[in-house]
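Worksheet for the structure shown next.
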Amino acid sequence: MIELRHLGKTYKTADNEIIALEDISLSIQDGEIYGIIGLSGAGKSTLVRCMNLLERPTTGQVFVDGNEIMELSRKELLGLRRSIGMIFQNFNLLEQRSVLRNITFPLEVSGAKGQEARSRAMELLELVGLSDRAGSFPSQLSGGQKQRVAIARALATSPRYLLCDEATSALDPNTTRSILELLKKINQSLGVTIVIITHEMRVIEQICDRVAVLDQSRVVEEGQVSQVFGNPRSEIARELILSSCGGRRCEGCSLNCS
């Protein structure tokens, strides 16, 4: 379980302070797919990066599997991060490495031997449907294929958690749907807990169990997706639902847009 207690993040500039997160308390249960949604600038990406201390919170606590990770030594934190994979909007692949060697990279860093790393990478390429592209380079792949490679790389060290920071924002709707189906498959078959950061309500509806809505650096609403979408209590949740549907109730859609 990932638990955030009264988390805050403030950036100091020469002239003032910018509050990115304020008093965030959330619990993400093992095995679920948890969504965090908000408009640009709401603090979503900062929040997910605080979960593995890529951003260190100014206040509050972060617990992973019961361990307060802000109290860990650098060596202990590096070990913990192997259990928390992360994928990004822009893929962050190494352009000079083949697909296979992109996936073996975190294994090499963690000390895996060559054949062991290659075998693990091929297993993951099979999982993400790219076993025939092992020798290709990122420049030869489509956006969806690049994100599949990024997912495989994030899974290389067998993490218990997968953090997805706007992982589908650069993709077209059909590719987005296929990536979300892959993430759901990973969640169900591997038991990986997944956190999805997005500004798209459709992404949340398709894949998530629970959702937190961020607005101006704070959580303004949280609950089961069906509850939040069916009866949004916050103005920002209603705005996000209406903007995703153009104010219309579509056939077969569970969103309460009217």
When the residues of the range 161-216 are filtered to those that are among the hydroxyl-bearing types (Ser, Thr, Tyr), modelled with pLDDT of 95 or more and open to solvent by less than 10 Å² (accessible area, probe 1.4 Å), which remaining residue is farthest from Leu242 (Cα to Cα)? Tyr161
Does any residue in the range 188-205 that is more than 22 Å from Gly41 (Cα to Cα) come within less than 7 Å, Cβ to Cβ, of a residue that is of a type in the set (Asp, Glu) and not in a helix (DSSP H, G or I) six or more places away or on a different chain, and which pairs are these? Thr193/Asp30; Thr193/Glu32
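Can you pull out the strands (runs of 3 or more DSSP E) entirely within the range 136-241 that have at least 1 residues that are over 30 Å from Ala121 (Cα atoms) and of a type in the set (A, V, I, L, M)?
Numbers: elements: 161-165, 193-198, 210-215, 218-224.
Output list reads 210-215, 218-224.
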Selected residue (criterion: farthest from Leu182 (Cα to Cα)) from residues of the range 110-135 that are open to solvent by less than 20 Å² (accessible area, probe 1.4 Å) and in a helix (DSSP H, G or I): Ala117
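The values are calculated or read from the model by the stated rules, or taken from the named source; none is laboratory data. Since this is a predicted model, take the numbers as computed values, not measurements. Heads up, the Cβs are rebuilt from the backbone with ideal geometry, glycines too, and the neighbour counts pull from every protein chain shown. Note: accessible area is taken over every heavy atom of the protein model, side chains too, but ligands, DNA and RNA are not part of it. Shrake-Rupley method; radii C 1.70, N 1.55, O 1.52, S 1.80 Å.
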